[in-house]
Each structure stands twice: as structure tokens, then as C-alpha cells.
Amino acid sequence: MTMTAGTSSADDVSRIDGVPQLDDAALWATVVGQEPAVALLQQAATQPVHAYLLVGPPGAGRTEAARAFAGTLFAGSGPAEDGCTGEDLEGQRHRGLAAIGQHPDLVLVQPEGRSLLVADAERITVEGWRSPIEADRKVIVVDRFDTAEPAAASSLLKTIEEPPTSTVFVLLAEEVPDEHVTIASRCVRVDLPPVPDQVVADALMAEGVAADRADELATASAGSVARARLLAVDPAFLGRRDAWHSVPERLDGSGAVVAVLVAELRGLIDEAQGLLQDRHCIELEALTEHEEAFGARGSGRRELVDRHKREIRRHRDDELRFGLATLARAYLARAVPDGPSPAEACLSATERITEATGDLLRNPNETLLLQALFLDLPTVEPA
């Protein structure tokens, strides 16, 4: 498994058997642009409680923060060995394994579909009661907690209210729905806002991206360093942006034009997944070589394939969010007094687009969602 977004600093550290050896500073450096949240979690790690809730938009670094927090808990503050001052090798290994998501006592539970189901909640309970393997604690990270169905939420609440003494739960959410406030109240909440564009741009420039290009990518990243890095090597990015930006001028109120536009945009999203799929192929080839050398038992193939599926789905959601945000900006730019298009209609269009963006995670049929949206949007004159 490769280092996740925001972990490029680990590329320059020493590795043992492929595992980066990280001190505390290098571990927390994987969380980009979230200094207040990092400070809070570092302090919390000195006297951890049973449950935490990390709230923020996609790309804000929730997963990286959860892994860094887990790595800090696993490493602990035990005495250095063999005369070492500060960082013992075992602590560095714990941190490195947590940073790449491969620590045996770090369990990431992610919904297979659009919602966290009862089966997922049952797995959380089972994993929570298993004893740690290498560290003194087990950390269960629950992604997209905010999508939990009622029965799953009820099961999760019971588990968190009666937690095993050696387990720490870390829930990740974009927001906390009203129906989940009871669970949230049982957790220490840590907010991770969108990473500022300038921070994203600075991270890209530190990796060799030209300043003007970095600024453009940061704007399109929606506060996600991971997405900005992916876009930086995507030659078709500007074409997709321009295609979404042209939608208001191409609409004419007819269903035929809407159908063509939606098919075109979905095709561009399909093509955009090519870079991610190429990376997945490389990872699978590396795993196959490992299996040929050491055997398939315990190789983690199923986990890798499942992760690839989640990444593809998240990438598609990110592309749709980016496209809809670009579309909203196109209408907002035209919402000016005495402009060629009615300002009120353009402002109403941005509100409708915002509503559709919220529906995105709840509506798996993106074709119908986009068609319904485009039929509601006004035609405008060229800017």
C-alpha cells in the first residue's frame, strides 16, 4: 500500500521492510493545514478517552489525522532502548505502520455503499472487543459515520457507550445530522475545516509545481491536498473544467440537449479515473509479485481490492463536486446588475446547484440527478 495523500514527507525517511520509520513530527506532518486540530489531538493522545469525532469535508485530512492519532497512541511514551534518546525503533515502526494504514491494531471500517449499515456496525462491535495484537490499544476508525442508517446508529451508540477498555473509537464525518447528535455527544469532537487554497498551493509548490499552476489546482481541489496532487498529473483537468463552465451557455431548455450534456460530462468523469486505475494496476502487480514470492495467504488482496473500489467511488464523487462547484461559479459570475443574464435567475441557479450537491451522496443515480438539475437551470448569454 502506498502512502496516502498528505504523506509525501514520508518518502524521504528511512524504511525497514518497506515500512517508513517516523518520529512524532514526521507522523503529524502527514496532516496538512490543520494545525489547531493537530494540537488538540496531540494533547488528547496523552490521556485518551474512549471516542473521538473528526468532522470536516472530504480532503480536509480526517483519515490522515485519525492515522496520526492512532500512531501516537500505539507508539506511546515508553522509555528509549539501547541508549537511544527520544525515538526508539519500535515507536518509529508503530507510527510508520499507522501512517500507511497497515498497523494490525488499526481497523478502518468504511461503508461498501452509500450508507453505514447494520453489518458495518456489527463489525465495529466485533473488532472493538478483540484484544490488541502489537500495541497496548486498538483503534477503530469509522469512516462516513454521518451516513449511518438508524439501526446501525443504534448499534454503534451501544458499543460506544459500553466500550472495551483497550479500544479507542475515531468516527469520521462530513457533518453531524440531527439524528446522530446522541452518538456525537459521547465523543470528543475535533473540527477539520477545508484546507485553505494557499496551503494547498504551497504544498504543491514544495513538490515542484509552478506557482500559477499550483494556484489553479488549489482552487479546483476544494481544500484537498490529495485531489490537488492527482489533478497535477492529469492533463485533461482543464478540459473538464471548461466543459462544466460551458454548461449554462449550452442549455436551451430541451431534454435532448440536457441528455447530450450529461452523457458528455459523465464520459469525461469516466476518463478522469484512468490515472487512478493505472495506479491501482501498479499496486496489484506489486502484490502479485509478493504473493508469488511469499504465498497468497494473508497478502491482503481482498483488502486492497476493496480499497480500490472505495477510492474509485470517492474519486467520482470528488469529480462531481468539482464539476458542480465549477457550474455554480459560472452562474455566480453572471449574477451581476445590468448583466446580459438576469442576476436573480443566476443566483437561484447557484442555490439549486448547492442543493443538488447535497443530494449527490444520497442519490446513487448520477444521470438522473444531473438531468433533473440541468432541466431546472436557466439558459444564459455568453459572459
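Every number in this text was worked out from the coordinates using simple rules, so none of it is lab data. Remember, predicted model here, so these are calculated numbers, not experimental data. Glycine also receives a Cβ, built like all others from the backbone with ideal geometry; neighbour counts cover every protein chain displayed.
Computed quantities for the displayed model
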| item | result |
| --- | --- |
| Under 5 Å, built H, 5+ apart or other chain: amide partners of Asp191 | Val55 |
| Additional length obtainable on full extension of the chain from Ala119 to Glu90, 0.36 nm per residue less Cα span | 7.0 nm |
| Over region 16-168, relative contact order from alpha-carbon pairs under 8 Å, at least 6 apart, % | 25 |
| Relative exposure of Asp136, Asp215, judged by other C-beta atoms within 10 Å (fewest first) | Asp136, Asp215 |
| Global form of region 139-183, assessed from the alpha-carbon gyration tensor, a/c cut-off 1.5 | oblate |
| From phi via Karplus (6.51, -1.76, 1.60), per-residue ³J(HN,Hα) for region 93-100 in Hz, x at Gly/Pro | 5, 4, 5, x, 5, 5, 4, 9 |
| Net lengthening on full extension, Ala296/Glu381 (0.36 nm per residue, minus Cα-Cα) | 24.6 nm |
| Cα gyration tensor shape of region 149-279, rounded if a/c is under 1.5, else prolate or oblate by comparing a/b with b/c | oblate |
| Sum of -39500 (n - 2.57) over DSSP H runs of 4+, divided by residues of the chain (222 nm, nearest 500) | -17500 deg cm²/dmol |
| Cut-off 12 Å between beta-carbons: net charge of the residues surrounding Val209, Lys and Arg +1, Asp and Glu -1 | -3 |
| Highest-first arrangement of 319-326, 62-69, where packing means the average Cβ count within 10 Å | 62-69, 319-326 |
| Sequence ranges 251-264, 188-201, ranked by mean other-Cβ count within 10 angstrom, highest first | 188-201, 251-264 |
| Fluctuation leader among Gly96, Gly33, Gly267 - the chain, Gaussian network, Cα springs under 10 angstrom | Gly267 |
| Rounded, prolate or oblate (a/c below 1.5 giving rounded, otherwise prolate when a/b exceeds b/c) for region 121-204 by Cα gyration tensor | oblate |
